[in-house]
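Undergrad: I have a structure I would like to understand better, so I am pasting it below and will then ask my questions one at a time.
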Amino acid sequence: MALAPITINPIGTARFLVSEANGYQSREEITIASGAGILQPGHILGRITASGKYVGMLPAAVDGSQTAAGILYEYVDATSADVKRTIIARMAEVQKAELAFSGTPTQPQKDAAYASLATKDIMFR
């Protein structure tokens, strides 16, 4: 009997997190859309309006995912199937240097993402 391969998470879960609201109020369970690929903790996510599913924030998109909606809490491989995961959705402090983006957004696009998350009371250190 062959054993399933073990997926190694090279970046620790929530390593980016400085603090969060008491009682896990900062967290929310969401669905990462199939095809989003492998994403590490700290990846900034956008929400596709039509499906309500999340992908890596894509500044050039026009489906809702161009707006930062949360920060991935834990590793995910959504290459070929939808996957439930936790995000930091509100009221938290995070280390800006530990956050990741899909593709190569410009500094103004990154600043727009930070501004969007700041409206959810996510603060950057």
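Undergrad: From the phi angles alone, apply the Karplus equation (6.51, -1.76, 1.60; θ = phi - 60°) to region 43-58 and give each ³J(HN,Hα) in whole Hz, x where the residue is Gly or Pro.
TA: Each residue's phi maps through the Karplus curve to give 6, 7, 10, x, 10, 6, 4, 5, 9, x, 8, 10, 9, x, 4, 10 Hz.
Undergrad: How large is the charge dipole for the chain, taken about the Cα centre, if only the Cβ atoms of Lys, Arg (+1) and Asp, Glu (-1) carry charge, to the nearest 20 debye?
TA: Using only the charged Cβ atoms, the result is roughly 80 debye.
Undergrad: Now for a separate question. Which whole-percent values make up P(r) of the chain when all C-alpha to C-alpha distances are grouped in 5 Å steps starting at zero?
TA: 2, 12, 22, 25, 20, 11, 4, 2, 1, 0, 0
Undergrad: Can you list residues from other chains, or at least 5 along the same chain, whose modelled amide H is less than 5 Å from the amide H of ILE122?
TA: For ILE122, whose amide H was placed from the backbone, the distant partners under 5 Å are MET91, ALA92.
Undergrad: In vacuo Debye scattering of region 65-115, one point per C-alpha: log10 I(q)/I(0) at q = 0.15, 0.26, 0.30 Å⁻¹?
TA: -0.49, -1.28, -1.41
Undergrad: Say the dipole of region 17-124 comes from +1 at the beta carbon of Lys and Arg and -1 at that of Asp and Glu; which of ILE122, SER26, VAL62 then lies farthest toward its positive end?
TA: VAL62
Undergrad: Quick one: which residues, 5 or more positions from ALA69 or on another chain, have an amide H under 5 Å from its amide H? H modelled 1.01 Å from N in the peptide plane, none for Pro or chain starts.
TA: Placed amide hydrogens put LEU45, GLY46, ARG47 under 5 Å from ALA69.
Undergrad: For LYS110, go through the lysines and keep the ones whose alpha-carbon is under 17 Å away, minus same-chain ones fewer than eight residues off.
TA: Answer for LYS110, where 17 Å is the Cα cut-off: LYS96, LYS120, listed by chain and number.
Since every read-out is calculated from the coordinates, none of them should be taken as a lab result. Model, not experiment: these values are computed from the prediction. Neighbour counts are summed over all protein chains in view; Cβ atoms, including those assigned to glycine, are modelled from backbone coordinates with ideal geometry.
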